[in-house]
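Engineer: Mind having a look at this structure? Questions to follow.
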Amino acid sequence: MRCHLPSPSRLATTHHHLTHRHFTVLALESSADDTCAAVVTSSGNILSNIVLKQNDVHAPFGGIHPYRAVQAHQRNMPIAVQRALKDARISVLDVDGIAFTRGPGMTGCLGIGSSAAKTLAAALNKPLVGVHHMQAHALTPILTSAPNPPKFPFLTLLISGGHTLLLLAISVTQFRILATTPDESIGRVFDKVSRLLALPWSAKGPGASLEDFVAASPVEDNLAPSMPRTMPGVLTFSFTGLHSAVERFVTARGGVEALDIPTRRAVASGFQRAAFNQLEEKLTLALSWCRDRGLGVKHLVVSGGVASNSYLRERLRAFVLDLECSQDSVSLIFPPAELCTDNAVMIAWASMHRFVARDTDDYAIMIRPKWCVQDLMGG
Ligand code: KG4
Ligand code: ZN
């Protein structure tokens, strides 16, 4: 099934058309460790948004346990669908189309949402659309920043436990990866450094607890080790070097118990600053990459769990302010946190243009666990 590439004007008419038809989508997402179902209308009304987390299931393993994740999706998917319809106060017969995450993601996990969606669509005789997970993340600000959405082409930086990605969104179906990471995501590295420094536990998670710990008292910078700069001048993220630097420092001092609180705070602060320096450095490179090609990028969208860090937000606001009078001037958009983490609202939203164009999938469509966001056309 080919996606058509709507030009901006066609998109506008499409959306105009959409508002009249009020197409209602039930979407399912199960690519990683959240079981999600949502009901969204073509006019951008979010009628329900159910996210059933599996944190307790995976916590003892220190990462997502693939088989436990599949089991939890199997348990939770029917509940998520039932609640999404109940919260939306509609019957499944009122749904006009079913969307699901086709990929990328963990094979067994994708299979649960995909089978449920395909079976529902077939039984109800409704159209079906399989969505690319990263495309859905990238299109979220168009929904959340209405009526002033970012205009194509825009930059989107997705920083979470699952992703470290800087994308150029060219159109609804065209994306270019400007930078990603060959190793661990920025969120996971925040989590590890937070545990390495035995920082106080927080209900908001280890990354947020690192931020709070740094902000709680003045930092004595001279106590911290120097942090490496990662691949200067190259559009690639890597945070494992920062993790190793912290690990070496802690080991050399005889373990975390040997570090007093001011030293731990200085290390946490040094790590956090170095991580965000790297984000800014790569953003600068990406903006000049876009300028060299005369792309006219006017918006920078920053989303994902790490984007909830207030120090980062402050830094990025200052970063954008500094660019104000330059050719690289962009406005900054932070979509609401609950729509930056994995959810099915974004899947519903990203399916909408295809439902309207009647470019829908066969009920026999297969999942694509490995699927590059640059290869959406003809996928
Ligand atoms: O997008 P998200 O909520 O979910 C997944 O990716 O699964 O991102 C979670 C990640 C975690 O690694 C968490 O530690 C990190 O985002 N995070 C933070 C902060 N809040 C959450 N990292 C740094 N500072 C924060 N305030
Ligand atoms: Zn995601």
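Engineer: Within segment 312-334, take every residue that is within 16 Å of ligand 1 (Cβ to nearest atom) and in a helix (DSSP H, G or I) and give me the one that is farthest from L210 (Cα to Cα).
Structural biologist: If we take residues in segment 312-334 being within 16 Å of ligand 1 (Cβ to nearest atom) and in a helix (DSSP H, G or I), then R317 is farthest from L210 (Cα to Cα).
Engineer: Let me ask something else. Identify, please: which residue in segment 27-43 is of a type in the set (S, T, N, Q), more than 13 Å from ligand 2 (Cβ to nearest atom) and touching a residue at least 24 places away in the same chain (Cβ under 8 Å) and is, among those, surrounded by the fewest Cβ atoms within 10 Å (Cβ to Cβ)?
Structural biologist: Ranking the qualifying residues of segment 27-43, first place goes to S43.
Engineer: Can you tell which of A59, A72 is without any contact (Cβ under 8 Å) to a residue 60 or more places away in the chain, surrounded by fewer than 16 Cβ atoms within 10 Å (Cβ to Cβ) and aliphatic (A, V, I, L, M)?
Structural biologist: A59
Engineer: Can you name the condition, by its number, that A337 falls short on among (1) within 16 Å of ligand 1 (Cβ to nearest atom); (2) open to solvent by 50 Å² or more (accessible area, probe 1.4 Å); (3) within 18 Å of S43 (Cα to Cα)?
Structural biologist: Going through (1) within 16 Å of ligand 1 (Cβ to nearest atom); (2) open to solvent by 50 Å² or more (accessible area, probe 1.4 Å); (3) within 18 Å of S43 (Cα to Cα) one by one, A337 breaks only (3).
Engineer: Scan segment 200-212 residue by residue and report those that are touching a residue at least 24 places away in the same chain (Cβ under 8 Å) and either buried (at least 21 other Cβ atoms within 10 Å of the Cβ) or of a type in the set (S, T, Y) (or both).
Structural biologist: Within segment 200-212, G207, L210, E211 qualify.
Engineer: Exactly one condition in (1) among the aromatic types (F, W, Y); (2) over 30 Å from V172 (Cβ atoms); (3) open to solvent by less than 10 Å² (accessible area, probe 1.4 Å) is not met by F249; state its number.
Structural biologist: All conditions pass for F249, except number (3).
Engineer: How many residues are crowded, with 22+ Cβ neighbours inside 10 Å and modelled with pLDDT of 95 or more when one looks only at segment 340-360?
Structural biologist: 13
Engineer: Can you give me the ranges of the strands (runs of 3 or more DSSP E) entirely in segment 83-188 with at least 1 residues that are open to solvent by 20 Å² or more (accessible area, probe 1.4 Å)?
Structural biologist: 97-103, 164-171, 174-179
Engineer: Keeping to segment 270-311, report how many residues are within 16 Å of ligand 2 (Cβ to nearest atom) and not in a strand (DSSP E or B).
Structural biologist: 5
Engineer: For residues in segment 338-366 being of a type in the set (D, E, K, R) and part of a loop (DSSP other than H, G, I, E, B), which is nearest to the chain's Cα centre (by Cα)?
Structural biologist: D342
Engineer: Continuing with the same structure: Tell me the residue from L166, L178, L155, L196 that is within 16 Å of ligand 2 (Cβ to nearest atom), not assigned by TED's automatic domain parsing to the domain that holds L110 and not charged (D, E, K, R), please.
Structural biologist: L166
The values are calculated or read from the model by the stated rules, or taken from the named source; none is laboratory data. Keep in mind that this is a model prediction, so the values were computed, not measured. FYI the Cβ positions are ideal-geometry reconstructions off the backbone, even for glycines, and counts take in every protein chain you see. The area values use the complete protein model at the heavy-atom level, side chains included, leaving out ligands, DNA and RNA. Shrake-Rupley method; radii C 1.70, N 1.55, O 1.52, S 1.80 Å.
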